[in-house]
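Asker: I'd like to ask you about the structure that follows.
The values are calculated or read from the model by the stated rules, or taken from the named source; none is laboratory data. A quick note: this is a predicted structure, and the numbers were derived from the prediction, not measured. FYI the Cβ positions are ideal-geometry reconstructions off the backbone, even for glycines, and counts take in every protein chain you see.
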Amino acid sequence: MVGNGKDRERGVAAALDELRQADMVAFGGVGIAGTVLPVTEAYRRVEAALGDGPENLRGQLERLLDEGTPAGRVYAATLLERVDPAAGRAAWTALRDDPAEFGTFIGCVMGRSTLREYASERLAAA
């Protein structure tokens, strides 16, 4: 089918834009109803695209790490970690001194974190 590749590329580009502007990190459904936030859908779209050729997205993820909001940078580091664990670790290491704050949502619990706290937890868990 003609256009499927371009449609997918546009969808991934839109998802990366959503992540670049994110103010909340949520990897699953939130609230009692388990609502999936648009930013979570965007993360899942980019994550799925990694299966089609992660090296094609690596530069875009590195740009997201540099240009994104604090929450966008968390998504970038998480996705880079899937592409290349060493690159992910380097991203978390670079973020662990950053005091920038962002919102988190885990199930029904809304919270706040800093890049410093979040990156330190990710590095400790690795």
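Asker: Residues to consider are T40, T69; find the one that is among the hydroxyl-bearing types (S, T, Y), more than 9 Å from the chain's Cα centre (by Cα) and within 29 Å of S120 (Cβ to Cβ). Lay out the reasoning, then the answer.
Answerer: On the way: T40 fails: more than 9 Å from the chain's Cα centre (by Cα).
None of the other options fit; the residue is T69.
Asker: Moving on. What pairs can you find where one residue is in segment 35-58 and without any contact (Cβ under 8 Å) to a residue 40 or more places away in the chain and under 10 Å from V83 (Cα atoms), the other is outside any helix (DSSP H, G or I) and of a type outside the set (V, I, T), and their Cβ atoms are less than 9 Å apart, with a gap of 6+ or different chains?
Answerer: Here the result reads P54/D84; R58/D84, each pair linking segment 35-58 to a residue that is outside any helix (DSSP H, G or I) and of a type outside the set (V, I, T).
Asker: Name every residue in segment 102-126 that is modelled with pLDDT under 95 and exposed (fewer than 12 other Cβ atoms within 10 Å of the Cβ), in order of residue number.
Answerer: Selection gives C108, V109, A125, A126.
Asker: Collect the residues in segment 1-34 that are surrounded by 12 or more Cβ atoms within 10 Å (Cβ to Cβ) and β-branched (V, I, T), keeping them in residue-number order.
Answerer: Within segment 1-34, V12, V25, V30 meet the criteria.
Asker: Here's another thing I want to ask about it. Considering only residues that are modelled with pLDDT under 95, closer than 15 Å to A13 by Cα and surrounded by fewer than 17 Cβ atoms within 10 Å (Cβ to Cβ), which ones fall in segment 56-84?
Answerer: Listed by number, the residues that qualify are N56, R58, G59.
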